[in-house]
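Working notes, structure below.
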Amino acid sequence: MRPVALDDARLAALAREHGTPLYVYDAATIRARHAALAGFDVVRYAAKANPNLTLLKLLRNLGASIDVVSAGEIERAFAAGFPAERIVFTADLFDRAALERVGRHGLHVNVGSQAMLAQLADARPGGSVTLRINPGFGDGHHAKVTTGGELSKHGIWHADLAGAIDEARSRGFAVTGLHVHVGSGANFESLCASGELLARSARLVGDTLRTISCGGGLPVRYRPTDLEFDVARYARAWREHARAIEAFTRRPIELEIEPGRWLVAECGVLVAEVRATKRQGEREFVLVDAGFHNLVRPTMYGAYHEIRALAKTGGERPTIVAGPLCESADVFTQGQDGEFAPIPLPPLAPGDFVALHDVGAYGSSMASNYNSQPLAAEVLIDGARSWLVRRRQSFDELLAPEREL
Ligand SMILES: *Cc1c(COP(=O)(O)O)cnc(C)c1O
């Protein structure tokens, strides 16, 4: 589901107006993705995918709740106007800043390790908790984003769940939620298998249970050959589990989904300017002003993002697209083992623009200041209108926290 309102002329105009590298997000795409999740009672946006305040506010206005994983994301959720009741803090540990805020605001916690229960009992005594289960298996677009199984640090090991429930109760908590999240960009079968495990685990909790969450992890189509995820069928599968649980709790069970990528990946385009081209032996390189400080997914996971030349076609030849960083891995066209994977592009020259697609999730949110590169500007478009929703970081801001001795 690509933004229809982002044609080449408009992207180039925005790039000229705001400079490059530039993230452009389309509000209509986010709204459409959110609407497609109508089969779930609660859509809880995983803020880490893209925590831009304007996107958070847009999702809040659509009725979404929010999943936060750090003190900084708690600050963002409040800044975007989420009431405390719509915030859930999910983690496998509390750092001190997060625990303090959870206590102060009375936030609901999705507990990923038993050690958190004692700490929570001190900071925010009583009330309810959700327990996150590690189902013993995981899945994802890359081993690095698989969040279930013995090799994952996430969640309470499924065989230890009964013990965790006892501990939660003995510390004065009602276990009202169960949660499972097997990984990011997981396949349909693994996501459904986690539902079967959660439904069995629900019997251990019994009639205090109010909410089950299937986590996030829904895959998106980065390549035209990727299949569209059947989200309606997915909702039906989980609804059946909710009904089966209701049969013995005799209470309504609320069904939550917690996507990050699925809501925002496709809304985003990263526009970069070509600054140099060169030939190394037989290889054609196009060097652009965006690098892995803006978008690390290709370098970190060998992730594929479609790259197009704006308003140029013809004479396509295999091209390696690389960034400005002093680092050989600063290449957008690479495979899972770091091998170069050239893509067909027309001949380009300095001043031309390229667009990297499907970068709304885990693009800007994973950006860094490596090589003392400032964070990119971000623009939101909605129909014919556009707004700068994050200005480019200034060099003064880059240096401000430091002190010369
Ligand atoms: C990262 C994360 C998500 C979102 O994952 P996506 O693949 O972006 O949907 C949801 N829940 C938890 C607990 C997470 O850590």
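Computed from the coordinates by the stated procedures, all read-outs in this text should not be read as laboratory data. All values reported here derive from a predicted model rather than from experimental measurement. So basically every Cβ, Gly included, is an ideal-geometry build from the backbone, and we count neighbours across all protein chains shown.
With θ set to phi - 60°, apply the Karplus curve 6.51 cos²θ - 1.76 cosθ + 1.60 along region 31-46 and write out the HN-Hα couplings as whole Hz, x wherever there is a Gly or Pro.
Result, ordered by residue: 4, 5, 5, 5, 4, 5, 9, 4, x, 10, 6, 10, 9, 10, 6, 7 Hz.
Using Cα springs under 10 Å in a Gaussian network model of the chain, which residue among P224, P346, P259 shows the largest mean-square fluctuation?
Residue with maximal mean-square fluctuation among P224, P346, P259: P224.
Output the 0 to 90 degree angle, nearest 10, between the alpha-carbon long axis of helix 161-170 and the longest principal axis computed from the alpha carbons of the chain.
For 161-170 against the chain, the angle is about 60 degrees.
What's the local net charge at P259, with K and R +1, D and E -1, over the other residues with C-beta under 10 Å away?
Values: positive: R33, R44, R261; negative: D67, E258.
Neighbour charge sum, excluding P259 itself: +1.
Springs between alpha-carbon pairs under 10 angstrom, Gaussian network model over the chain: which of F229, F40, F353 fluctuates most?
F229
Where the only charges are on Cβ atoms (+1 Lys, Arg; -1 Asp, Glu), what is the dipole of the chain about its Cα centre, to the nearest 20 debye?
Working: 45 positive and 48 negative charges, 167 e Å.
That gives a dipole near 800 debye.
Once both axes come from the Cα atoms, what is the angle between helix 188-205 and the longest principal axis of the chain, in degrees from 0 to 90, rounded to 10?
20
For each of S128, S213, S372, count neighbouring Cβ atoms within 10 Å of the residue's Cβ, then give the residues from fewest to most.
Details: S128 15, S213 26, S372 9.
By the 10 Å Cβ count, ascending, the order reads S372, S128, S213.
Could you tell me which of H142, L198, A309 has its Cα farthest along the dipole of the chain towards the positive end, charges placed at Cβ (Lys, Arg +1; Asp, Glu -1), taken about the Cα centre?
So the residue furthest toward the plus end is L198.
Counting helices only, and only those DSSP H runs with n ≥ 4, report the 222 nm mean residue ellipticity of the chain as the sum of -39,500 (n - 2.57) divided by its residues, in deg cm²/dmol to the nearest 500. Let's see the in-between values first.
Numbers: 12 runs with 118 residues, N = 405.
The per-residue figure over the chain is -8500 deg cm²/dmol.
Can you tell me the dipole magnitude for region 104-211 around its Cα centre, using point charges on the Cβ only (Lys, Arg +1; Asp, Glu -1), in Debye to the nearest 20?
My answer is approximately 340 debye.
Once phi is turned into ³J(HN,Hα) by the Karplus curve 6.51 cos²θ - 1.76 cosθ + 1.60 with θ = phi - 60°, what whole-Hz value does each residue of region 88-101 show in order, with x for glycine and proline?
Coupling constants for region 88-101: 10, 9, 10, 6, 9, 7, 9, 7, 5, 5, 6, 4, 4, 6 Hz.
If amide hydrogens are placed 1.01 Å from N in the peptide plane, which non-local residues have theirs closer than 5 Å to the one on V389?
So V389 has HN proximity to E378, V379, L380.
Among the lysines, select those whose C-alpha is under 22 Å from the C-alpha of K153, and discard any that sit fewer than 8 residues away in the same chain.
K48, K144
Amide H to amide H under 5 Å from A276: which residues, 5+ apart in sequence or cross-chain, H placed 1.01 Å off N in plane?
Placed amide hydrogens put L287 under 5 Å from A276.
Springs between alpha-carbon atoms under 10 Å, Gaussian network over the chain: tell me which of K144, K57, K278 tops the mean-square fluctuations.
Maximum fluctuation in the GNM of the chain, among the listed residues, is at K278.
Determine the distance separating the Cα centre of region 323-401 from the Cα centre of region 266-290; give it in Å without decimals.
Cα centres, region 323-401 to region 266-290: 11 Å.
So how do C326, C267 line up by other beta-carbon neighbours within 10 Å, fewest first? Walk me through the numbers before you get to the answer.
Working: C326 8, C267 29.
Lowest to highest Cβ neighbour count: C326, C267.
Please order E327, E196 by the number of other Cβ within 10 Å, starting at the fewest.
Going from least to most buried by this count: E196, E327.
Which percent, nearest 5, of DSSP beta bridges in the chain are antiparallel?
On the way: 29 of 66 bridges.
The antiparallel proportion sits near 45 percent.
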